[in-house]
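To start, the structure under review is shown below, and the notes come after it.
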Amino acid sequence: MINFIVWIIVGAVIGWVASVIMKTNSRQGLIADIVVGIVGAFLAGIFLSPLFNIGTINEGDFSIPALLVSLGGAIILLAISKLFRNVAGFLVVLVILLLAFIYFNCWTMDTTSVFCTSIRTLPFLQ
């Protein structure tokens, strides 16, 4: 129970620091800071933890490196939410997701579909 309370408090502090860094503090309240901190730590666990080989606050690790990785995830979450606020940002995120989908489906699985074959024959990928 005490670990849950510490997790909420640390998530709120991380969310608040991330919102100050990304200049979204005037639009967020305490609940949004908690959500940003905890969901940002979850994103960090997916993307940044394997890169730096460090845990996050969601894994019960409250060390300085884990707090910094969780803060990085919260900043990434706020950056993505800022991109979705306008149409151009939405299109940028959509193109990035499409490229990631193509990469993971056509290069890592060695598929022989017509789509992947046509993507591999593009001249700028040679």
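What follows is calculated from the coordinates using simple rules that are stated; it is not laboratory data. Remember, it's a predicted structure, so these values are computed and weren't measured experimentally. Neighbour counts are summed over all protein chains in view; Cβ atoms, including those assigned to glycine, are modelled from backbone coordinates with ideal geometry.
Please report the relative contact order for the stretch 1-85, taking Cα pairs under 8 Å with a sequence separation of at least 6, and give it as a percent rounded to a whole number. Relative contact order comes out at 33 percent. When all alpha carbon pairs of the stretch 4-60 are counted in 5 Å bins from zero, the resulting P(r) reads 4, 23, 27, 22, 16, 6, 1 %. Over the chain, DSSP H runs of length four or greater, each weighted -39,500 (n - 2.57), average out per residue to a 222 nm ellipticity of -23000 deg cm²/dmol. Under the combined filter of DSSP loop state and at most 16 neighbouring Cβ atoms within 10 Å, the stretch 23-121 retains these chymotrypsin sites (Phe, Trp or Tyr not before Pro): PHE62, PHE84, TRP107.
The Rg/Rh ratio of the chain, with both radii computed over alpha carbons and Rh defined as the Kirkwood radius, is 1.12.
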